[in-house]
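A quick write-up on the structure given underneath.
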Amino acid sequence: MGITNNIPNNIPEKWIEFNYPSFTNTLKIKDVYNLDCSKNQLISLPNSIFNLLNLKTLNCYSNQLISIPESIYHLSTLQKLFCHNNQLINLPNSIGCLKQLQHFNCCNNKLTSLPDSICYLNNLQWLTCSYNQLISLPNSFGVLINLIRLECDNNQLTSFPDSIGCLSNLKYLYCSYNQLTSLPESIGSLSNLQELLCSNNRLTKLPNSIGNLKNLIYLICSYNQLTSLPNSIGNLTNLVALSILNNQLITLPDSSENLIKLLELDSKNNKFPYDILEEHTDIIKYIKDIIKIEKLKRIKKILNEQLIIDLDTVTIIILFF
């Protein structure tokens, strides 16, 4: 279904939707604001598109595009660019000239990097670059202070730049299915973050600063290599859902008892005394029981060690006398 079907009739802005092969090379209509050339077999964008100087939305997704020309900088009024589901191997440096761009979707391409110039998109609110082959994000990525949603899952990311902590308006961070071994401490500065999805990575720990994310509602960090959770996690008093399944966790920090709004806890396939929430309908009680059992195990171990020490001392005294 073409995007034009979703536009209310009372909007005066002119929409044009083309279907290959009727796509002409004679676009000269200056009052075109929205252009949909998606779901064709285009391997390149006609140069005439870049004469549409008032264009606000360009839909060119689900084609066979291998590149976007540098001349895209002519579309200085563009607010939405959807070029997902193509064959793009890189993005033009001139994309940084699209100062009005708010929504950019380039997922499901063959991108290995994002140009540094993407950091000039001061009005960008929504960036979707999932399902590519990205290894890293630009170091100055944090200057995108108006970014609300970042979807970079299903790539090859090994780390985030420290500057990511400057994304003060970020609410949604989806970075699952990458190669991340850690999250930077600066992530604790994302004071408006509500959803953090970082499952299916190689995380061995979470940063202590995660406890600063007071507005966090969903924390999904399943299928990693976590051996413990930071005690600061108890500060996430607005957390509603926590998924930690398929890790190496032995217990939960004492502060977990403070997660009073928690409604969903998926803790299967860890090393807890029992790792399936079966008979427990009270999640907080379940957490307390896990903590209690682990504490009892530690006490028992200490007592056993103390007993061995005392017996050795008695033996030494007997031998001495």
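The residues listed here are Ser222, Ser189; of these, the one that is buried (at least 18 other Cβ atoms within 10 Å of the Cβ), touching a residue at least 24 places away in the same chain (Cβ under 8 Å) and farther than 20 Å from Ile290 by Cβ is Ser189. Note on segment 67-85: residues that are of a type in the set (A, V, I, L, M, F, W, C) and under 13 Å from Pro46 (Cα atoms) amount to 2.
Counting only strands (runs of 3 or more DSSP E) that sit wholly inside segment 18-106, not one has at least 1 residues that are exposed (fewer than 15 other Cβ atoms within 10 Å of the Cβ) and at pLDDT below 95.
The values are calculated or read from the model by the stated rules, or taken from the named source; none is laboratory data. Just so it is clear, the model here is predicted, and its values are computed rather than measured. Cβ sites come from the backbone with ideal geometry, for glycine too, and all protein chains shown count toward neighbours.
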